[in-house]
Amino acid sequence: MRGNKKAEILRLLIGTSRYVSGQELCEKFSVSRTAVWKIMQQLKEEGYEIEAVQNRGYRLLTVPDILGKSEIESRLDGTWVGRQVYFAEETGSTNTWAKQLAEEGAPHGTLVVADEQTSGRGRRGRSWKSPRGSNVYMTLLLRPELEPSRASMLTIVMGLSVAQGLKALLELPVEIKWPNDAVLNGHKLCGILTEMSAQVDYINYVVVGTGINVNFTEFPEELKDIATSLMVETGRTVNRAEVIAAVLRAFERNYEIFIRTGDLTGLQEEYNQILANRNRQVRVLDPKEPYEGVALGINAQGELLVRREDKNVTEVYAGEVSVRGLYSYV
């Protein structure tokens, strides 16, 4: 059984529209009637609307967008991702917290989630706005048996998983802007930051931090033309625990394919099919000499293949340069 009894009971209530009797819950989860009653009171205090009818049992009437350990655990259904879940209302950075847990011996697949980050970080040390009650801030701790030089590809694996997970959950045409930004209608939905602790030829651990704009609607001026959220695009509140579960479901599958091949060979075609830049004019912002060309897709190492005006194809490595559309973010 995954996690705690409360998460398991919540999972059962979420998964059915019928009344579930107290006796059934007692027998199924080996708990007392008193324990069931206490769990129901806790869930009500957390904001779940639960109807209790004598001789019929309990029924969940509404599932609000509540983020908590039990809610997250009740949604997860993978084999190893999220077997251990840490949740906080507030933390400095989920990546920092995950690295501390890794140093203390936390296992592969440990998931760290916060409702708010006070020191969220993006690439190149940029701060990442992380307000309470609206978005997903999560970090996955991995201990891959992989050469350290290949770890950067995990960022692409997560980017693909975000796009696929959101697409499956909400039936939205989510795409990827190379290398790892999930985009919808040409606007950015997420940010991913991967950090590693390694020896020369051995990875101690990797943490993959992912921030997804879910129910956020007030973007700062500098991001208004770049960023969007699931609520902005759908016009409704989206359950953040469902988003976490959908993304991690896709990630577990993609990660296992990646580890089997040691590169992106097994994911390349799926990635290229939803690559927003594919067969489009792009501007490569190379610090030495920016240039333009047509994005063809990625290779097995995750490099973007760009056909330049002289017809030569250049392999663009994400660590060195960024790529934009000619007239927009994508």
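Just so it is clear, none of the values below were taken in a lab; they were calculated from the coordinates. The shown structure was predicted, so the numbers you read here are calculated from the model rather than taken from an experiment. Virtual Cβ from ideal backbone geometry, glycine too; neighbours counted across all protein chains shown.
Cα to Cα, under 12 Å, and not fewer than 8 places away if on the same chain: which aspartates and glutamates meet these conditions relative to Lys99?
Partners found: Glu195.
Give the distance, in whole Å, between the Cα centre of the stretch 26-92 and the Cα centre of the stretch 130-196.
So the separation of the two Cα centres works out to 27 Å.
Suppose R0 equals 45 Å; then what is the FRET efficiency for Ile50 and Lys224 from their Cβ-Cβ distance, rounded to the nearest 0.05?
Using R0 = 45 Å, I get an efficiency of 0.70.
At 222 nm, what helix-only mean residue ellipticity would the chain give, in deg cm²/dmol to the nearest 500, using -39500 (n - 2.57) for each DSSP H run of four or more?
So the calculated ellipticity at 222 nm is -9000 deg cm²/dmol.
From zero outward in steps of 10 Å, how is the percent of C-alpha pairs of the stretch 135-199 spread across the bins?
20, 48, 25, 7, 0
Based on the alpha-carbon set only, what is the convex hull volume of the chain divided per residue, in Å³?
Details: hull volume 47.1 nm³, N = 330.
In the chain, the Cα convex hull volume per residue is 143 Å³.
Can you give the Rg and Dmax of the stretch 1-156 based on its C-alpha atoms, in angstrom?
18.5, 61
Could you pull out every whole DSSP H run in the chain that spans at least 24 Å of Cα extent along its own axis and averages 0.0 or higher on the Kyte-Doolittle scale?
Working: long enough: 153-170 (26 Å, 1.64); 240-261 (32 Å, 0.20).
Length and hydropathy pass: 153-170, 240-261.
Scale the Cα Rg of the stretch 157-302 by the rule-of-thumb value 2.2 N^0.38 Å and send over the ratio, two decimals.
Working it through for the stretch 157-302, the quotient is 1.11.
Classify the stretch 281-325 from the C-alpha gyration tensor, please: rounded if a/c falls under 1.5, else prolate or oblate depending on whether a/b exceeds b/c.
The shape class here is oblate.
Suppose every K and R has +1 on its Cβ and every D and E has -1 on its Cβ; what is the size of the dipole of the chain about the Cα centre, in Debye to the nearest 20?
Once rounded to the nearest 20, the dipole reads 640 debye.
Where a Cα-Cα gap under 24 Å defines reach, which lysines qualify for Lys188, not counting those fewer than 8 residues away within the same chain?
Lys129, Lys167, Lys177, Lys224
Per residue, what volume in Å³ does the convex hull of the Cα atoms of the stretch 124-237 enclose?
114 Å³
Peptides 261-273, 235-247, 29-41: what's the order by average Cβ count within 10 Å, highest mean first?
235-247, 261-273, 29-41
Lys38: which lysines have alpha carbons under 16 Å from its alpha carbon, excluding same-chain residues fewer than 8 sequence positions away?
Straight-distance partners of Lys38: Lys5, Lys6.
What area, in nm² and to one decimal, does the C-alpha convex hull of the stretch 245-290 cast on average over all directions?
Result: a mean projected hull area of 5.0 nm².
Could you list the square roots of 5 times each eigenvalue of the Cα gyration tensor of the stretch 5-62, that is, the equivalent ellipsoid semi-axes, sorted largest first and rounded to whole Å?
15, 13, 11
With the dipole of the stretch 281-325 worked out from charges on the C-beta (+1 for Lys and Arg, -1 for Asp and Glu) around the Cα centre, which of Thr314, Asn299, Gln281 lies farthest toward the positive end?
Projecting each Cα onto the dipole axis, the largest value belongs to Gln281.
Relative contact order for the chain: what is it in percent, counting Cα pairs under 8 Å that are at least 6 residues apart?
13 percent
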